[in-house]
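The structure under discussion appears below in the form of structure tokens.
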Amino acid sequence: MSGFKGLAVPGPTNMPFEVRQAMDVALEDHRAPDFPEFTLPLFADLKKAFMLEKGQVFVFPSSGTGGWESAVANLLSPGDKVLASIFGQFSYLWVDMCQRFGLDVDAIDCEWGTGAPVELYEQKLAADKDHKIKAVLVTQNETATGVTSDVKAVRQVLDSLGHPALLFVDGVSSICSIEFRQEEWGVDVAVSGSQKGFMLPTGLGIVGVSQKALDQRPRNGFPKCFFDFDDMIKTNADGYFPYTPATTLLRGLRASLDMIFDEGLENVWARHHRLAEGCRRAVEAWGLTVCAKEPKWNSDTVSAIVVPEGYNANDVIQTAFRKYDLSLGAGLSKVAGKVYRIGHLGYMNELMVMQSLAGAELAMRDVGIPFQSGAGVGAAVEYYAATEQAPALAAE
Ligand SMILES: *Cc1c(COP(=O)(O)O)cnc(C)c1O
């Protein structure tokens with residue numbers, strides 16, 4: 001088909017030309033004497049991206065799932081109890097991983113479309129007088145349902161109870177897109193990956209770990225090799241890695257961080273909020289709803305759009321792909337066939353969101369979902385025309 005393919009899934013995301021260009025380089029010697037001149041500032045800037053002051057950000061040649069695995073393998077011990085919640089496919093998979101590691105997982109089952117149940121966390125933690133719970137898991141942005149949870153509130157619960165459990169956050173689809181402040185929020189582990197907010201190809205698991213978590217990591221925990229924090233700490237100190245790093249992706253990461261800092265992290269968050277709000281206005285104008293049950297849970301990186309009863313969201317996705325070269329995100333697991341997703345994160349602007357909305361309108365029209373043609377796109381036009389592009393700067 002002629003023309004650009006539309007990529008409107010919530011990861012992998014659209015890759016900026018600057019990032020592609022930065023990666024179009026010859027392979028390099030990762031043990032070269034000057035390699036640390038490149039890596040040491042990169043490590044420092046990753047801490048800025050996570051808003052982590054003490055502690056360290058590790059970069060593994062893996063996906064986000066590897067980041068989860070590194071956190072569990074390094075910071076917990078066999079049989080440890082962890083508190084988690086399931087409200088979508090990604091929060092479920094994280095629990096599944098903990099169970100495969102043989103952890104004792106208390107996973108609170110929540111309605112999909114809701115977020116981390118702060119009150120239930122509080123009850124469970126308050127009842128845990130012996131401090132058996134070693135870690136509390138929160139998926140900041142549940143990509144399957146388009147739900148953002150209140151990470152800061154979970155930290156406040158831990159602090160007000162004086163509970164020493166570590167706070168683990170899945171930030172794969174939120175870090176560098178939605179507000180995230182690792183040091184300030186007392187997050188002990190924050191997991192991300194390269195192919196979402198970082199606007200890179202898949203292939204890096206990026207993990208921020210607090211100094212507190214590093215200091216208390218168990219000596220006789222799980223066996224680990226590839227994901228061993230100790231090996232990373234030793235070699236990263238001098239700008240090197242325990243094995244061959246994905247140097248090409250690291251060059252891309254340099255370019256992507258430069259773009260993010262040029263725009264300003266807070267402006268990046270504000271841009272995501274505004275772009276997402278335009279998408280939500282469109283959904284409302286179609287007479288449809290997003291999967292998030294309450295506005296406080298709306299995600300600024302992905303919207304899961306519920307199709308009316310009697311329609312199959314997969315037909316919308318298939319049609320968008322086959323007829324219009326647009327990839328919309330599928331509904332996963334419990335919401336398969338019920339929702340399609342529009343990713344609006346990373347390298348993204350108003351017109352790209354409206355391309356996705358227009359593609360969704362065409363596909364919904366084709367499958368017979370009733371709505372007024374142009375209503376969604378029109379609502380987005382109205383919203384974008386009436387709002388400022390960088391409200392964060394204006395507000396300061
Ligand atoms: C994408 C995603 C993951 C999985 O990351 P991979 O890079 O695919 O391993 C985990 N959690 C969330 C919230 C995600 O969006």
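For the peptides 219-228, 55-64, what is the packing order when you average, over each peptide's residues, the other Cβ atoms within 10 Å and list the highest mean first?
55-64, 219-228
Please give, to one decimal in nm, the separation of the simple spin-label points placed at residue 382 and residue 237, each 7 Å out from Cα toward the Cβ.
Result for the modelled spin labels: 6.1 nm.
Report the antiparallel proportion of the DSSP beta bridges in the chain as a percent, rounded to a multiple of 5.
50 percent
Out of residues 5 or more away from residue 340 or on other chains, whose amide H comes under 5 Å of its own, with H placed 1.01 Å from N in the peptide plane?
For residue 340, the qualifying residues are 305, 307.
With n ≥ 4 as the cut-off for DSSP H runs, can you work out [θ] at 222 nm for the chain, using -39500 (n - 2.57) per run divided by the number of residues, rounded to the nearest 500?
Calculated at 222 nm, the ellipticity per residue is -13000 deg cm²/dmol.
In a shell of Cβ-Cβ distance under 11 Å around residue 315, excluding residue 315 itself, what net charge do Lys and Arg (+1) and Asp and Glu (-1) give?
Counting the neighbours of residue 315, the net charge comes to 0.
When the Karplus curve 6.51 cos²θ - 1.76 cosθ + 1.60 is applied with θ = phi - 60°, which whole-Hz ³J(HN,Hα) does each residue of region 79-88 get, with x for Gly and Pro?
After applying 6.51 cos²θ - 1.76 cosθ + 1.60, I find x, 4, 8, 10, 10, 9, 9, 10, 9, x Hz.
How much length, in nm to one decimal, is gained on full extension between residue 99 and residue 312, taken as 0.36 nm per residue of separation minus their Cα-Cα distance?
Taking residue 99 through residue 312 to full extension adds about 73.4 nm, to one decimal.
What FRET efficiency comes out for residue 225 versus residue 161 if R0 is 25 angstrom and r is the Cβ-Cβ distance? Round to the nearest 0.05.
Using R0 = 25 Å, I get an efficiency of 0.10.
Provide the gained length on full extension for the span residue 349 to residue 4, in nm with one decimal, where the gain is 0.36 nm per separating residue minus the Cα-Cα distance.
That works out to 122.6 nm of additional length.
Using a 7 Å offset from the Cα along the Cα-to-Cβ direction at both residue 48 and residue 284, what is the distance between the two label points in nm, to one decimal?
Roughly 3.6 nm, to one decimal.
Once phi is turned into θ = phi - 60°, what whole-Hz ³J(HN,Hα) does the Karplus curve with 6.51, -1.76 and 1.60 give for every residue of region 94-99, x standing for Gly and Pro?
5, 4, 4, 4, 4, 5
Once you've got the Cα coordinates, tell me which of 134/224; 47/338; 132/224; 296/338 are over 29 Å apart.
Pairs exceeding 29 Å: 47/338.
Going 7 Å from the Cα of residue 263 toward and past its Cβ, which residues in region 194-212 have a backbone nitrogen under 11 Å from where you end up?
Residues passing the 11 Å test: 197-199.
Ignoring ligands, DNA and RNA, what accessible area per residue does the chain give at 1.4 Å, in Å²?
Value for the chain: 41 Å² per residue.
Checking a compactness column here: for region 17-262, what do you get for Rg(Cα) / (2.2 N^0.38 Å), N being the number of residues?
In units of the 2.2 N^0.38 Å rule of thumb, it is 0.99.
Report, in debye and to the nearest 20, how large the dipole of region 17-110 comes out about its Cα centre when Lys and Arg carry +1 and Asp and Glu carry -1 on their Cβ.
My answer is approximately 160 debye.
Count the net charge of all other residues whose Cβ sits under 12 Å from the Cβ of residue 81, scoring Lys and Arg as +1 and Asp and Glu as -1.
Net charge around residue 81: -2.
Calculate one ³J(HN,Hα) per residue across region 348-362 by plugging θ = phi - 60° into the Karplus curve 6.51 cos²θ - 1.76 cosθ + 1.60, and present them in order as whole Hz with x for glycine and proline.
Here the 3J(HN,Hα) series is 8, 9, 4, 5, 5, 4, 5, 5, 5, 5, 5, x, 5, 5, 4 Hz.
Work out how much length residue 371 to residue 26 would gain on full extension: take 0.36 nm times their residue separation and subtract the Cα-Cα distance, in nm to one decimal.
Extra length from residue 371 to residue 26 when fully extended: 119.1 nm.
Give the long-range amide H neighbours of residue 84: residues separated by 5 or more places, or on another chain, with amide H under 5 Å away, using H modelled in the peptide plane at 1.01 Å from N.
Under 5 Å from the amide H of residue 84 lie the amide H atoms of 106, 107, 108, 137, each far enough along the sequence or on another chain.
If you place +1 on the Cβ of every Lys and Arg, -1 on the Cβ of every Asp and Glu, and leave all else neutral, what size is the dipole of the chain about its Cα centre, to the nearest 20 Debye?
Here the chain has a charge dipole of around 660 debye.
List every residue whose amide H lies under 5 Å from the amide H of residue 326, counting only residues 5 or more places away in sequence or on a different chain, with H placed 1.01 Å from N in the peptide plane.
Hits under the 5 Å cutoff: 6, 321.
Can you tell me the FRET efficiency between residue 38 and residue 216 if r is taken as the Cβ-Cβ distance and R0 is 25 Å, rounded to the nearest 0.05?
The pair residue 38/residue 216 has a calculated efficiency of 0.20.
Once both labels are modelled 7 Å past Cα along the beta-carbon direction, what's the residue 184-residue 126 spacing in nm?
2.8 nm
For a quick protection proxy, order the peptides 254-265, 71-82 by their average other-Cβ count within 10 Å, most packed first.
71-82, 254-265
Using a 10 Å cut-off on Cβ atoms, rank the peptides 161-171, 317-327, 182-192 from the highest mean neighbour count down.
182-192, 161-171, 317-327
The values are calculated or read from the model by the stated rules, or taken from the named source; none is laboratory data. These figures come from a predicted structure and were not determined experimentally. Virtual Cβ from ideal backbone geometry, glycine too; neighbours counted across all protein chains shown. Note: areas computed on protein heavy atoms with side chains; ligands, DNA, RNA excluded. Shrake-Rupley method; radii C 1.70, N 1.55, O 1.52, S 1.80 Å.
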